[in-house]
Amino acid sequence: MEIYVGNLAYATTDEGLKAAFAAHGEVTAVRVVTDRMTGRSKGFGFVTMPDATQAQAAIDALNGQELDGRIVRVNESQPKPREERRGGFGGGGYGSRGGFRGSDRGPRRETRW
């Protein structure tokens, strides 16, 4: 079962989060989500526990408790909602050369030399 842990302190590490959950059962994976640019924690993470009863015990025990100076929110991870995508080619707009494409160019001009 994957568990969401929110409101983490920026100083919380994977090891610290694993230690908190390991007291309640076997932990197979831990990931504190970090910003790609700065490397700083985004304040949430995920813990994977193979046994659902141990995972539920950890959720019940740790939700609303203090971890590294912050009151954490712990619950079962929900799948990320996906936005509905529409088919097609994206419609109109600027081409690779910076101008409008197709019939939006306007009337052609004749150049006389």
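Every read-out reported here was derived from the displayed coordinates using simple, explicitly stated rules and does not represent laboratory data. Note that this is a predicted model, so its numbers are computed, not measured. Positions of Cβ are generated from backbone atoms using ideal geometry, with glycine treated the same way; all protein chains shown enter the neighbour counts.
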Classify the range 1-64 as rounded, prolate or oblate from the Cα gyration tensor: take a ≥ b ≥ c as the square roots of its eigenvalues, call it rounded if a/c is under 1.5, otherwise prolate when a/b beats b/c and oblate if not.
prolate
Fewest first, what order do Arg82, Arg70 take by the number of other Cβ atoms within 10 Å?
Arg82, Arg70
Residues in the range 59-80, backbone N under 12 Å from the label point at Asn7 (7 Å along the Cα-to-beta-carbon vector): list them, ranges by number please.
63-67, 69-75
Run through the range 1-43 and list the trypsin sites (Lys or Arg not before Pro) located in a DSSP loop whose Cβ has at most 15 other Cβ atoms within 10 Å.
Arg36, Arg40
Just to confirm the filter: which GluC sites (Glu not before Pro) across the range 1-59 are DSSP coil and have at most 12 other Cβ within 10 angstrom of their Cβ?
Glu26
Which ordering of Tyr10, Tyr4 is given by a fewest-first count of other beta-carbon atoms within 10 Å?
Tyr10, Tyr4
If we count other beta carbons within 10 Å of each Cβ, what is the order of Met1, Met37, fewest first?
Met37, Met1
Neighbour cut-off at most 13 other Cβ (10 Å), DSSP loop, GluC sites (Glu not before Pro), the range 54-86
Glu83, Glu84
